[in-house]
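Here, each number is a calculation from the coordinates, and none is a lab measurement. Worth saying up front: this structure is predicted, and the values here are computed from it rather than measured. We place every Cβ from the backbone using ideal geometry, glycine too, and count neighbours over all the protein chains shown.
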Amino acid sequence: MARPFCRFAPIFVISLSAALLLPIAGGNTLTAVQTQMSVTLRDYQPHDFAAVHRLDQACFPAGIAYSKTTLKYFLSLPSADCLVAAEENRMVGFILTEENPPLAHLITLDVAGAHRRTGIGSLLLSKIEKNLTLRGVRHVLLETAIDNDAAVAFWLGHGYRIEAVLKRYYLRRLDAYEMRKILPATEKNIRSEGREKPLE
């Protein structure tokens, strides 16, 4: 599967101690008790595009933030999955992946500045990983800049491991780590890897 250009910035350092997140029965809404913030996770819809693009431009510097054309391309891929985090109908985060089971690629994870360190990035990541697992994905790949200690720490803390160094990956001058996480095995993703279910 072709690997699209992928970015990760320090905004993804999430301190779960900054807000206590409690699930509300019957939905994907979680309340951050300490900040009195209610966030809803839902699927991306076409009318979200302007807000998603604005957020991406705010999260990344020029040359790394996606253009409208590039972002529309990724979102239009048949294999794309995008979840957004909204607070009172305002976009505060999103995550975008593409997949070709048993492999998936995490394209980007964006969280608005005022909502960083509240656990939103971790919530989006957890939900998308569950979706990917149910669709037979076993391995998730991503890239992050070597000198971005905060981003590297975030991914390591969520079970991703460094696999390789990609020379001059960003702006043709900044090196990146390729990182991988192995998702929990299910009968579906075992079959997608071409392995038979173990005998009982």
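What ranking do 157-166, 133-142 get when scored by the average of other Cβ atoms within 10 Å per residue, highest first?
133-142, 157-166
Spin-label point model (7 Å from Cα, Cβ direction): what's the residue 131 to residue 147 distance in nm?
3.4 nm
Just to be sure I follow the rule: in segment 39-191, considering lysines 8 or more places apart or on different chains, how many pairs have Cα atoms under 22 Å apart?
5
With N residues in segment 39-191, what two-decimal value do you get for its Cα radius of gyration over 2.2 N^0.38 Å?
1.02
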